[in-house]
Structures are given as C-alpha cells and as structure tokens.
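The values are calculated or read from the model by the stated rules, or taken from the named source; none is laboratory data. Quick caveat: nothing in here was measured; it's all calculated off a predicted structure. As a convention, Cβ positions derive from the backbone with ideal geometry for all residues, glycine included, and neighbour counts pool all protein chains shown. Heavy atoms of the whole protein, side chains included, go into the accessibility calculation; ligands, DNA and RNA do not. Shrake-Rupley method; radii C 1.70, N 1.55, O 1.52, S 1.80 Å.
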Amino acid sequence: MSDIQIVLDERIRNATAVLAASNWPAIEQEIKPHAVHPHTKQTRQFVEGQSNHPAVAFVNSGLAEGQAIDALLSALVLGEERATLDAFASQSELASLWEAHASVWDTAVSECQQIFDNCPLPTMLAQMGGRTDAIRLMPTLTYPMLESVVIASAGETAVVLPPPKAWGESPPWPFKEDPIWVVVEAGKAILTHGLQPVWTTQSAAEQRSLVQAGVALCLEKMFDDFERQAYIVRIKKEENIQSLPQLTTQIRDWLSGDRTNSIVTLL
C-alpha cells in the first residue's frame with residue numbers, strides 16, 4: 001500500500017468555500033459552539049456576497065432536507081453539481097483568495113506531511129480486508145471545522161481534515177500542535193469508510209469498536225504504547241466500549257498472524 005498523500009485539492013477547497021457561504025457555519029455552531037480559524041473568517045467575508053448563488057442554494061436545500069455534508073460536497077466536487085461549483089469559483093474569484101493566503105495552506109500541508117509520514121493506516125486497512133483505494137488527505141482551514149468528512153470516488157478516498165480544536169474560545173491550533181488529535185480524527189474517518197466492505201451483520205457499536213481499536217494500534221505504531229493505552233482508557237470511558245483493551249490486543253495478534261479468518265470474527 002502507498003502512503004497517505006497530503007494534498008491541496010482545488011475543487012475540494014472551492015467546495016468548502018461554498019459551505020462558508022451557506023447555512024453550514026450557523027449549523028456547526030448549533031452542534032457545538034466553537035472558535036474558527038482566522039482564515040475561515042476571511043473566507044466567509046470573501047464569499048458573503050454569494051449567498052444566492054445556485055451552488056449555495058444547492059447546499060442550503062440539502063442541509064434543510066437533512067443531507068450529510070459529505071454527500072453535498074461529493075456532489076459539488078465529483079457529481080451532478082460540478083458545473084455549479086465551477087461557476088461559483090469563477091464568479092467569486094476564489095483563486096485570488098487562495099493565492100493571497102497561500103502561506104497558511106502550505107503550512108497546513110507541510111505539517112500534515114510530517115505527521116503522516118510512514119503512517120500505517122493504508123497497510124492496516126488492506127490487511128483487515130478493507131478498501132485499497134488511494135488515500136488523499138486535505139487539511140481544511142475553512143469548513144468543516146468540527147470533524148472530518150470523506151469524499152470518495154472509484155479507487156480514491158479523500159479525507160477533508162479540520163485543524164485541532166483549542167481550549168475554550170481560542171481559534172484552532174496548528175496541526176503540528178496536536179498530532180495525536182490529528183491522527184485520531186483522520187484514522188476514524190479512514191477506517192470507518194475503508195472498512196465498509198468488511199461488514200456483514202455487525203452492529204453499529206461493533207463497527208465502532210473495531211474502528212477505535214484500529215485507531216489505538218495506529219497510535220501505538222506512530223507514537224508509543226503510552227498513547228495507545230491513554231486513548232483506550234479515554235474511549236473505553238467516553239463511548240462505554242468495555243471490550244476495547246482486549247479487542248485491541250486480539251487485533252494486534254491477528255494482524256501479526258496468518259489472518260485466515262475475517263477480522264470480524266474477533267467481534
């Protein structure tokens with residue numbers, strides 16, 4: 001398996017600017033009040049005159065219907081709304097915004113490249129029988145700000161990753177300031193999407209347990225055993241996954257063995 005590729009995808013970045021012009025920022029604040037990145041504010045100000053654009057209307061309509069933002073972003077980037085996104089980018093002159101603030105985006109990419117150097121997630125996913133798509137990760141400084149989203153196409157998985165949340169009302173930290181959070185957030189998104197072909201009759205709770213165990217093992221490989229144990233203790237309490245310590249050990253043994261049985265037999 002190849003490494004995770006850290007990218008600045010122009011179409012994805014343009015689509016996140018559509019989110020900035022839509023009702024999504026207000027919805028995010030309703031989900032959980034939080035401070036945003038300074039560039040997020042700059043982007044919202046830049047596109048505030050585009051609230052009636054068809055791309056924004058498409059997103060607002062989907063949000064009103066309860067559609068998930070990964071589906072809406074996928075439609076803009078890859079699907080039936082591609083031309084609408086292109087028109088939005090052209091009309092709002094987004095290229096000039098990105099050029100004016102290129103340094104903050106370049107820094108985010110560089111920090112993520114350092115964090116995900118030799119990341120074991122693609123290999124682990126393949127060993128578990130999951131998707132073998134190319135994995136591209138794009139740090140976002142616009143939206144979403146609360147959690148990652150996945151934009152998937154044939155043979156490729158793109159993860160849009162927000163920066164780490166800071167304490168209180170402070171803006172998000174740089175990616176390099178909390179690499180543990182960054183790996184956990186990306187790992188959950190990658191494993192949740194990538195393990196979809198593995199599931200048969202497993203419940204949502206069982207699927208979540210396997211994903212969290214995979215994230216814990218990733219922390220062990222990328223950092224140390226302390227980070228694995230600390231994560232297990234926290235998730236066991238927060239999500240009431242009492243079997244997480246044992247499951248993590250079983251999966252480690254399974255990964256190092258002959259893997260003749262499906263990973264789901266451990267659940």
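With a 1.4 Å probe and all protein chains kept in place, how do PHE88, PHE58 rank by accessible area, largest first?
Working: PHE88 0, PHE58 45 Å².
From most exposed to least exposed: PHE58, PHE88.
Quick one: length gained pulling ASP106 to GLN5 fully straight, 0.36 nm per residue minus the C-alpha distance?
Details: separation 101, 0.36 × 101 = 36.36 nm, distance 1.42 nm.
That pair, ASP106 and GLN5, stretches by 34.9 nm at full extension.
Using the reciprocal of the averaged 1/r over all distinct C-alpha pairs, how large is the Kirkwood radius of the stretch 1-128 in Å? Show your work: numbers first, answer last.
Details: mean 1/r = 0.0620 Å⁻¹.
Radius from the Kirkwood sum: 16.1 Å.
Pick from PRO163, PRO197, PRO179: which residue has the top mean-square fluctuation in a GNM of the chain where Cα pairs under 10 Å get a spring?
Looking only at PRO163, PRO197, PRO179, the largest GNM fluctuation is found for PRO197.
State, to one decimal in nm², a quarter of the convex hull surface area for the C-alpha atoms of the stretch 137-267, i.e. the direction-averaged projected area.
Numbers: hull surface 36.6 nm².
Average of the hull's projected areas for the stretch 137-267 equals 9.1 nm².
Leaving ligands, DNA and RNA out of it, rank GLU99, GLU169 by accessible area with a 1.4 Å probe, largest first. Provide the component values of the computation, followed by the final result.
Details: GLU99 145, GLU169 175 Å².
Final ranking, largest accessible area leading: GLU169, GLU99.
GLN127 to SER90: FRET efficiency via 1/(1 + (r/R0)^6), r the Cβ-Cβ distance, R0 51 Å, to the nearest 0.05?
Details: r = 44 Å, r/R0 = 0.86.
For GLN127 and SER90, the calculated efficiency is 0.70.
Answer rounded, prolate or oblate for the chain, using the Cα gyration tensor with square roots of eigenvalues a ≥ b ≥ c: rounded when a/c is under 1.5, else prolate when a/b is larger than b/c, else oblate. Can you show the working numbers first?
On the way: a/c = 1.93, a/b = 1.72, b/c = 1.12.
Prolate is the answer for the chain, as a/c is 1.5 or above and a/b outweighs b/c.
If I model the stretch 200-267 as equal point scatterers sitting on the Cα atoms and use the Debye formula, what is log10 I(q)/I(0) at q = 0.16, 0.25 Å⁻¹?
-0.51, -1.13
Summing Lys, Arg as +1 and Asp, Glu as -1, what charge do residues with Cβ under 10 Å from the Cβ of THR123 carry, THR123 excluded? If you can, show how the numbers build up before the last one.
Numbers: positive: LYS221; negative: ASP3.
Around THR123, the surrounding residues sum to 0.
In whole Hz, with x marking every Gly and Pro, tabulate ³J(HN,Hα) for the stretch 153-165 from phi via Karplus 6.51 cos²θ - 1.76 cosθ + 1.60, θ = phi - 60°.
Coupling constants for the stretch 153-165: 9, 4, x, 8, 10, 10, 10, 9, 10, x, x, x, 6 Hz.
Counting Lys +1, Arg +1, Asp -1, Glu -1, what net charge surrounds LEU94 among other residues with beta carbon under 10 Å of its beta carbon? Please list the in-between numbers first.
On the way: positive: ARG13; negative: GLU10, GLU93, GLU99.
Local charge sum for LEU94: -2.
Taking a cut-off of 12 Å, what percent of all Cα-Cα pairs in the stretch 56-114 are separated by more than that? Provide the component values of the computation, followed by the final result.
Values: 1241 of 1711 pairs.
For the stretch 56-114, the fraction of Cα-Cα distances above 12 Å is 73 percent.
Among SER243, SER74, SER110, which one moves the most in a GNM of the chain with springs linking Cα atoms closer than 10 Å?
Sorting by GNM fluctuation, first place goes to SER243.
Need the full-extension length gain, ALA68 to ASP258, defined as separation in residues times 0.36 nm minus the C-alpha distance. One decimal, nm. All intermediate terms of the calculation are to be shown ahead of the outcome.
Working: separation 190, 0.36 × 190 = 68.40 nm, distance 3.85 nm.
Residue separation times 0.36 nm, minus the Cα-Cα distance, leaves 64.5 nm.
Which value at 222 nm does the chain reach when only helices count, each DSSP H run of 4 or more adding -39,500 (n - 2.57), with the total divided by all residues and rounded to the nearest 500 deg cm²/dmol? Provide the component values of the computation, followed by the final result.
Details: 13 runs with 151 residues, N = 267.
The per-residue figure over the chain is -17500 deg cm²/dmol.
Output ³J(HN,Hα) for the stretch 47-64: one whole-Hz value per residue in order, computed from phi by the Karplus curve 6.51 cos²θ - 1.76 cosθ + 1.60 with θ = phi - 60°, and x for Gly and Pro.
9, 5, x, 9, 5, 9, 5, x, 5, 5, 4, 4, 5, 4, 5, x, 4, 5
GNM on the chain, C-alpha springs below 10 Å: top fluctuator among VAL184, VAL104, VAL160?
VAL104
Specify the inter-centroid distance of the stretch 131-149 and the stretch 104-118, based on alpha-carbon positions, in whole Å.
13
How much length, in nm to one decimal, is gained on full extension between PHE223 and ASP117, taken as 0.36 nm per residue of separation minus their Cα-Cα distance? Before the final figure, lay out the partial values.
Details: separation 106, 0.36 × 106 = 38.16 nm, distance 1.19 nm.
Using 0.36 nm per residue and subtracting the Cα-Cα distance, I get 37.0 nm.
Counting only protein heavy atoms and using a 1.4 Å probe, what share of the accessible area of the chain belongs to carbon plus sulfur, as a whole percent?
C and S atoms contribute 48 percent here.
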